[in-house]
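Single-structure report; data block below.
Just so you know, all these numbers are worked out from the coordinates, no wet-lab data involved. Computed from a predicted model, the values in this text were never measured in an experiment. Note that each Cβ is placed from the backbone with ideal geometry, even for glycine, and that neighbours are counted across all protein chains shown.
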Amino acid sequence: MSHRTLLTLLVLVLALAPASCGGDGDDGETAATATPKATATPDNTDVTKKPKVTVPDELPPDELQIKDIVEGKGPAAKNGDKVSMQYVGLTWSTSVEFDSSWERGEPYTLTLGKGEVIKGWDEGIVGMRKGGRRELTIPAEMAYGAQGSPPNIGPNETLRFIIDLVELEKQKK
């Protein structure tokens, strides 16, 4: 046998050894298995259905995070445009849904850049196109800050939304 073959066999034996050592199995102990903490990210590409929003098991980000799930078509939304949105919102710390336009059965309409909504929405919706779906992770400073929005949103809470742009009315020049 070559040295390479012997080395491969030795590595294989050492790798298997811990699995076969440690008693006859009658002592009532069971082997530990690793279980992932986070759930798989849902597909969420069907914009005709309410999306499933998840929050990872990690510290929230310090900056606005924007992730396009589905890119829409047509012109991009900009400040001054009137947009109608379907959305679901969760608090980061509890992963609890605090609001959903889907539950009310009608989209929420706003004019971008006018301060009608939290700063994270005013900035995070810009660039979306009709038919698009976007995930926004909004730090507290761009959401409700230190005061929160009782009773569902606590102080200094990071928020996660999935937002669908249903209608876009461009600003008249």
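Some values worked out for this structure:
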{"read-out": "Summed side-chain charge close to Ile69 - residues other than Ile69 whose Cβ falls under 14 Å, Lys, Arg +1, Asp, Glu -1", "value": "+2"}
{"read-out": "Segment 71-77 - phi-based ³J(HN,Hα) in whole Hz, Karplus 6.51/-1.76/1.60, Gly and Pro as x", "value": "8, x, 10, x, x, 7, 5"}
{"read-out": "In sequence order, calculated HN-Hα J values of segment 96-102 (Karplus, 6.51, -1.76, 1.60; Hz; x Gly/Pro)", "value": "9, 5, 10, 7, 7, 5, 4"}
{"read-out": "Neighbourhood charge, 10 Å Cβ-Cβ cut-off, centred on Met142 and excluding it, Lys, Arg +1 and Asp, Glu -1", "value": "-3"}
{"read-out": "Cα gyration tensor shape of segment 127-173, rounded if a/c is under 1.5, else prolate or oblate by comparing a/b with b/c", "value": "prolate"}
{"read-out": "For segment 109-173 and segment 68-85, distance of Cα centres in Å", "value": "12 Å"}
{"read-out": "Rg ratio (alpha-carbon, reference 2.2 N^0.38 Å) - segment 65-169", "value": "1.01"}
{"read-out": "Relative exposure of Val83, Val70, judged by other C-beta atoms within 10 Å (fewest first)", "value": "Val70, Val83"}
